[in-house]
Amino acid sequence: MSGREHGHDPALLHSAQTLAQPHATDALEVVPGFERENLQGWIPQLATEADVRAVIEKAFDYRGDVTITRKNKGKDKEDSSQITGYLFDRRIGPTLDNSVVRLMLATSNERPAIPYSEIAAIAFTGRDTAAGKSYEAWVKKYWEKREKGEKNISIEPEALE
């Protein structure tokens, strides 16, 4: 036997709830969000292996570009190279030598891979494209437009640049 045959008609149940509480279904759509750290401009210290791993995890979740400064290649050379891009992948291994990050460069189609062991510094240099944008802010805009009586409400994303 189906649920309807037992007297459980979802359509009737839903309409009865809606009549009793007109905004009951709308209230279910609002889910509390969570705060994200503002990492833009942050240049953390990478003193230990744990620091390197923790900062790379934050960089992986960051929605902007990062600048990675590589360690000096030679003992006599004082130069260190920098590379800027979006950190889109990381491969975690048992050691820093076996772990790698990959970047998408804004200036080319290259996808360089950099071992964790070659990273001297990471700076969160790019604009966080989703900073200040949350589901709660989107819902607030939606309800403001709905209260004004607008129909076919569509909230479009802002331009990136």
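Points to keep in mind about this one:
- All told, S117 meets the bar of being closer than 15 Å to R53 by Cα, small (G, A, S), more than 21 Å from the chain's Cα centre (by Cα) and at pLDDT 80 or above.
- When each of A137, A106 is tested for being part of a helix (DSSP H, G or I) and in contact with a Gly (Cβ under 9 Å, 6 or more places away or on another chain), the lone residue that passes is A137.
- One residue stands out in segment 56-70 among those that are at pLDDT 90 or above and of a type in the set (D, E, K, R): the one that is surrounded by the fewest Cβ atoms within 10 Å (Cβ to Cβ), namely E57.
- Annotation note: Cβ proximity below 9 Å between a residue of segment 143-161 that is more than 30 Å from D65 (Cβ to Cβ) and surrounded by 10 or more Cβ atoms within 10 Å (Cβ to Cβ) and a residue that is at pLDDT 80 or above and of a type in the set (K, R) (sequence gap 6+ or interchain) occurs for I153/K141; I153/K145; I153/R146.
- Within segment 26-48, the residues that satisfy the criterion of being among the β-branched types (V, I, T) and modelled with pLDDT under 55 are V30, V31.
- Unique match (being at pLDDT 90 or above, among the acidic types (D, E), out of contact with any helix residue (DSSP H, G or I) (no Cβ under 6 Å at 6 or more places or on another chain) and in a strand (DSSP E or B)) among D51, D89: D89
- Residue match in segment 116-130 (condition: touching a Leu at 6+ places or on another chain (Cβ under 9 Å), among the hydroxyl-bearing types (S, T, Y) and assigned to a loop (DSSP other than H, G, I, E, B)): yes
The values are calculated or read from the model by the stated rules, or taken from the named source; none is laboratory data. Predicted model, so just to flag it, every value in this text is computed and none were measured. Note: ideal-geometry Cβ built from the backbone for every residue, glycine included; neighbour counts use all protein chains shown.
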